[in-house]
Amino acid sequence: MIYPLQNCLRSTWFLFKPSILCSRFRAYSGFSTLALPVESSRFTGSGELIGRCDIDTIVSKVHAGSSDDEILQSLMNDRECNSIQLSHDLIEKLLHRFKDDWKSALGAFKWAASRPGYNHSRQAYDMMVDILGRMKQMDRMKDFLEEMHQGHLVTFNTIAKVMRRFAGAGKWENAVKIFDELETFGLEKNTESMNLLLDTLCKEKYVEEARDIFLLLKSHIAPDAYTFNIFIHGWCKINRVEEAQWTIQEMRGHSCQPCVISYSTIIQFFCCRNNFQKVYELLDAMTAQGCAPNVVTFTTVMGSLSKAERFEEALQLPLRMKTAGCRPDTLFYNCLLHTMGRAGRVKDAINVFELEMPKVGVAPNTSTYNCMVAMLCHHAQQQKALSLLQDMENLKICKPEVQTYYPLLKSCLKTGKIDSLLSKLLNDMVNKHHLSLNISAYSLLIHGLCRANRCEWAYNLFEEMISKDITPYHRTCRLLLDEVKAKNLYDAAEKIEGFMKKL
């Protein structure tokens with residue numbers, strides 16, 4: 001028999017209150033346009049237009065700041081909302097839309113639950129629990145969990161979310177209480193559930209508390225290798241690497257062999273502190289003990305060496321990796337290309353990208369192209385970067401994103417190719433690839449266009465940002481304001497000044 005942990009640990013436990021809920025809900029991914037001197041369109045980030053009208057209708061009826069009961073009544077009394085056909089997909093998208101607004105989420109959830117013939121999915125219940133916990137509505141989250149318990153809807157996934165939200169809110173004792181009550185939810189206390197609790201506590205830096213709990217449980221629940229890897233990560237997270245190294249020895253005492261994850265976690269700790277002597281010692285120890293480093297280990301080390309500007313050491317790793325019989329993957333090559341770019345080895349990078357990667361059968365992804373485009377633009381090889389973008393579009397291995405275009409936009413502004421190339425690139429982004437600019441890209445364009453004496457276009461982009469609820473940086477507003485005033489664009493200046501007063 002496993003005795004309740006609260007009998008052994010210092011803590012003040014909560015008691016569940018009677019349920020006050022009856023529930024359900026939805027979510028959506030926003031749309032965006034781009035102010036251009038060319039035709040533009042509106043798309044989601046993924047290019048999908050799913051349930052937009054229905055979601056927008058519901059969202060338009062919800063007033064931010066209202067109580068969940070006020071929102072419930074508003075939606076229940078709205079004929080247009082009640083004519084919408086509900087689906088689990090629609091409700092879950094709506095919940096995602098309100099992930100940072102628990103009142104709207106809960107009100108809409110209750111409204112959906114009140115609709116005849118509609119029953120929420122377990123996914124929607126779990127999402128609602130997570131929203132309440134993330135917004136620190138812990139009492140409501142407990143009430144909601146009790147409601148789910150009464151309806152036999154609690155799953156291991158539900159418990160995982162509740163534990164993590166309690167621990168994240170600094171209430172680690174309540175996370176332990178949930179573990180103690182697992183059997184009342186029809187769930188088992190076993191290695192998997194114990195690991196969930198320990199992992200939850202360690203990720204929130206309650207490693208000592210997790211260790212005390214483990215010592216109480218290990219005679220009843222057998223640990224596995226993952227249990228010890230949780231502690232290795234936890235000790236490293238709170239800068240106690242000696243305990244992490246000792247844990248590797250403890251693993252062997254429980255007949256669990258340290259794996260590549262065990263060592264790689266400690267290697268990452270030393271990488272973050274630029275202690276590469278320890279890193280190399282651990283790499284040698286892994287090989288000596290028959291636990292060869294994997295591609296993730298080598299990628300971590302290379303990235304850290306590159307960050308520390310120890311480029312020659314970093315560029316020796318592919319040979320060491322080959323000697324160890326470890327096959328590179330796309331992420332490794334992305335790191336290698338980035339390192340070569342920082343080291344100024346552009347020709348070598350092109351050779352790796354064009355010859356070595358195809359030879360070993362490793363396909364590039366969007367990040368690979370982003371790295372190459374940025375490198376070529378940085379070294380004033382704009383035409384080569386444009387050719388690479390064209391190859392990316394033709395091969396259709398992966399799709400460009402805003403970050404792919406960012407260096408090219410910057411290069412256009414720097415070289416003055418605004419009316420020709422810049423317009424084409426922006427048009428391709430919006431109309432060919434259905435991309436929406438982020439705040440970094442907008443800021444780059446507005447600043448660049450102002451420097452190029454094109455403040456009218458810059459102001460159009462400023463208005464576009466505002467319409468999409470993207471708040472410009474203060475320095476962007478200041479620069480644009482000075483430029484439009486210099487051009488005697490008084491209406492634009494007045495609007496910019498009015499917006500700045502609201503910041």
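Quick grid of which residues meet (1) at pLDDT below 85; (2) of a type in the set (Ser, Thr, Tyr); (3) surrounded by fewer than 16 Cβ atoms within 10 Å (Cβ to Cβ); (4) in a loop (DSSP other than H, G, I, E, B):
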| site | (1), (2), (3), (4) |
| --- | --- |
| VAL38 | yes, no, yes, yes |
| SER46 | yes, yes, yes, yes |
| CYS53 | yes, no, yes, no |
| ILE58 | no, no, no, no |
| GLU70 | no, no, yes, no |
| LEU86 | no, no, no, yes |
| ASP89 | no, no, yes, no |
| LEU106 | no, no, no, no |
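Being out of contact with any strand residue (DSSP E or B) (no Cβ under 7 Å at 6 or more places or on another chain), of a type in the set (Ser, Thr, Tyr), crowded, with 16+ Cβ neighbours inside 10 Å and closer than 30 Å to GLN382 by Cα: is that true of THR265 here? I'd like the intermediate steps shown before the answer.
Details: out of contact with any strand residue (DSSP E or B) (no Cβ under 7 Å at 6 or more places or on another chain): yes; of a type in the set (Ser, Thr, Tyr): yes; crowded, with 16+ Cβ neighbours inside 10 Å: yes; closer than 30 Å to GLN382 by Cα: no.
When the stated conditions are applied, THR265 does not pass them.
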Checklist (1) part of a helix (DSSP H, G or I); (2) among the hydrophobic types (A, V, I, L, M, F, W, C); (3) farther than 28 Å from MET138 by Cβ applied to ALA222, failing item: (1)
Odd one out for HIS96 among (1) over 21 Å from VAL62 (Cβ atoms); (2) surrounded by fewer than 22 Cβ atoms within 10 Å (Cβ to Cβ): (1)
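Looking at region 108-117, which of its residues are surrounded by fewer than 21 Cβ atoms within 10 Å (Cβ to Cβ), assigned to a helix (DSSP H, G or I) and of a type outside the set (S, T, N, Q)? It would help to see each step written out before you state the result.
As a first pass, look at region 108-117 and keep what is surrounded by fewer than 21 Cβ atoms within 10 Å (Cβ to Cβ): 113-117.
Among the residues that remain, those that are also assigned to a helix (DSSP H, G or I) are: 113-114.
Result: ALA113, single match.
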Hey, ALA210 without any contact (Cβ under 8 Å) to a residue 40 or more places away in the chain, more than 30 Å from GLN316 (Cα to Cα), small (Gly, Ala, Ser) and in a helix (DSSP H, G or I) or not: yes
Residue tally, condition over 23 Å from ASN334 (Cα atoms) and either in a helix (DSSP H, G or I) or under 25 Å from the mean Cα position of the chain (by Cα) (or both), over region 267-302: 9
Long-range neighbours under 6 Å by Cβ, at least six apart or interchain, first residue in contact (Cβ under 8 Å) with a residue 12 or more places away in the chain and closer than 18 Å to SER219 by Cβ within region 179-193, second surrounded by 13 or more Cβ atoms within 10 Å (Cβ to Cβ) and β-branched (Val, Ile, Thr): LYS189/ILE2; THR191/ILE221
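Would you check if ALA113 is in contact with a helix residue (DSSP H, G or I) (Cβ under 9 Å, 6 or more places away or on another chain) and modelled with pLDDT of 90 or more?
Numbers: in contact with a helix residue (DSSP H, G or I) (Cβ under 9 Å, 6 or more places away or on another chain): no; modelled with pLDDT of 90 or more: yes.
The answer is no for ALA113.
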Which listed residue is crowded, with 22+ Cβ neighbours inside 10 Å and not in a helix (DSSP H, G or I), from HIS152, HIS120: HIS120
Residue match in region 316-328 (condition: among the polar types (S, T, N, Q), part of a helix (DSSP H, G or I) and at pLDDT 95 or above): no
Single condition ALA486 does not satisfy, out of (1) over 22 Å from MET375 (Cα atoms); (2) buried (at least 17 other Cβ atoms within 10 Å of the Cβ): (2)
Any hit, region 243-255, residues being touching a Lys or Arg at 6+ places or on another chain (Cβ under 8 Å), at positive phi and surrounded by fewer than 16 Cβ atoms within 10 Å (Cβ to Cβ): no
Region 368-414, residues that are within 23 Å of the chain's Cα centre (by Cα), among the small types (Gly, Ala, Ser) and either buried (at least 22 other Cβ atoms within 10 Å of the Cβ) or assigned to a loop (DSSP other than H, G, I, E, B) (or both): none
Among the residues listed as ASP130, ASP180, ASP126, ASP139, the single one being over 24 Å from ILE238 (Cα atoms) and over 28 Å from the mean Cα position of the chain (by Cα): ASP180
Cβ-Cβ under 9 Å pairs, at least 6 apart or on other chains, region 470-493 side part of a helix (DSSP H, G or I) and among the basic types (Lys, Arg), far side surrounded by fewer than 18 Cβ atoms within 10 Å (Cβ to Cβ) and modelled with pLDDT under 95: ARG478/MET500
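Is region 454-462 home to any residue that is of a type in the set (A, V, I, L, M), surrounded by 20 or more Cβ atoms within 10 Å (Cβ to Cβ), in contact (Cβ under 8 Å) with a residue 12 or more places away in the chain and within 18 Å of LEU437 (Cα to Cα)?
Quick first cut of region 454-462, residues of a type in the set (A, V, I, L, M) only: 458, 461.
The next check asks that each one be surrounded by 20 or more Cβ atoms within 10 Å (Cβ to Cβ); those that pass are 458, 461.
When the remaining residues are screened for being in contact (Cβ under 8 Å) with a residue 12 or more places away in the chain, the result is 458, 461.
With within 18 Å of LEU437 (Cα to Cα) added as a condition, the list becomes 458, 461.
Looking through region 454-462, at least one residue is of a type in the set (A, V, I, L, M), surrounded by 20 or more Cβ atoms within 10 Å (Cβ to Cβ), in contact (Cβ under 8 Å) with a residue 12 or more places away in the chain and within 18 Å of LEU437 (Cα to Cα).
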Test: ALA167 is modelled with pLDDT of 95 or more, assigned to a helix (DSSP H, G or I) and over 22 Å from SER262 (Cα atoms): yes
Filter pass, LYS414 being within 20 Å of ASN370 (Cβ to Cβ), of a type in the set (Lys, Arg) and in contact with a helix residue (DSSP H, G or I) (Cβ under 9 Å, 6 or more places away or on another chain): yes
Hits in region 463-483 (condition: surrounded by fewer than 17 Cβ atoms within 10 Å (Cβ to Cβ), of a type in the set (Asp, Glu) and more than 26 Å from the chain's Cα centre (by Cα)): GLU463, ASP482
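The values are calculated or read from the model by the stated rules, or taken from the named source; none is laboratory data. Quick caveat, the model's predicted, so the values are computed rather than measured. Every residue, glycine among them, receives a Cβ derived from its backbone with ideal geometry; neighbour counts consider all protein chains shown.
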